[in-house]
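Since the structure comes first, as structure tokens, the remarks are kept for the end.
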Amino acid sequence: MKIVCNIMNTIYDFSVKTLDGGEKSLSDYHGKVLLIVNTASKCGLTPQLKEMQSLYETFKGQDFEILAFPSNNFAGQEPLEGKAIEEFCSLEYRASFPIFEKIDVIGESRNPLYAFLSSKKLNGKVNVSPKWNFQKYLVNKQGEVVDYFLPITSPTSSSVIKKIEKLIAL
């Protein structure tokens, strides 16, 4: 039996669930630079939500978006569900960027988007699974994964900002 590998070239081939249970096609973000981050509310890195909001405001209106995907894969650090996640992020950190339904980002049950983000065989560039909460994947305006940042990298670090600026300018 011959197995055919279905390589997807962009994130636009995916739909994700919103916190209210709806579907959102990632093709809606066509033409935007994206920073995709797996988040958690009870992690030592959770204050990065404030930095993510600052980054979001810095590039607001410049073809840039942050997409947050809560995950409970690392030490059970996302106990919240649904609207409680959104309320926590908005009340505690004033987060106004899109936050999607809680998903698995590693393991057998990982979400197909995260399988794509973390597999060079699928995305053509990056071959790194999330190491912890707040791993960041950078996607260009064509929906291609172009880079990643480890969880300890601040969203407002010069390395992140410079790469975003460069991609926005293209």
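Quick look at the numbers
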read-out: Dipole axis of the chain (+1 Lys, Arg; -1 Asp, Glu on Cβ), positive-most option in ALA84, SER27, ASN140; value: ASN140
read-out: Selection from GLN53, LEU170, ALA68, by position along the positive dipole direction of the chain (Cβ); value: LEU170
read-out: Mean residue ellipticity (222 nm) of the chain, computed from DSSP H runs ≥ 4 via -39,500 (n - 2.57), nearest 500; value: -7500 deg cm²/dmol
read-out: C-alpha center-to-center spacing [segment 123-150, segment 44-61] in angstrom; value: 17 Å
read-out: Sequence of CYS43, CYS89 once ranked by neighbouring C-beta atoms within 10 Å, starting from the fewest; value: CYS43, CYS89
read-out: FRET E, pair LYS131, SER109, Förster distance 22 Å, beta-carbon r, rounded to 0.05; value: 0.75
read-out: Local net charge near PHE64, Cβ-Cβ under 10 Å (Lys/Arg +1, Asp/Glu -1); value: 0
read-out: Burial order of peptide ranges 120-127, 15-22 (average beta-carbon count within 10 Å, highest first); value: 120-127, 15-22
read-out: Low-density loop cleavage sites - GluC sites (Glu not before Pro) in segment 90-155, where at most 12 other Cβ are within 10 Å (DSSP); value: GLU108
read-out: Rounded to 5, the percent of DSSP beta bridges in segment 11-169 classed as antiparallel; value: 60 percent
read-out: Compactness of segment 11-169, expressed as Rg and Dmax over alpha-carbon positions, Å; value: 14.1, 39
read-out: Electrostatic dipole magnitude of segment 11-169 [Cβ: Lys, Arg +1; Asp, Glu -1; Cα centre; debye, to 20]; value: 540 debye
read-out: Mean separation of Cα contacts under 8 Å, 6 or more apart, over the residue count of the chain: relative contact order %; value: 29 percent
read-out: Length added when fully stretched, LEU91-SER159, from 0.36 nm per residue minus Cα-Cα; value: 21.6 nm
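Bear in mind these aren't lab numbers, they're just calculated from the coordinates by the rules spelled out. As the structure is a computational prediction, the values presented were derived from the model and not from experiment. Methodologically, a virtual Cβ is constructed for each residue, glycine included, from the backbone with ideal geometry; neighbour enumeration extends over all protein chains shown.
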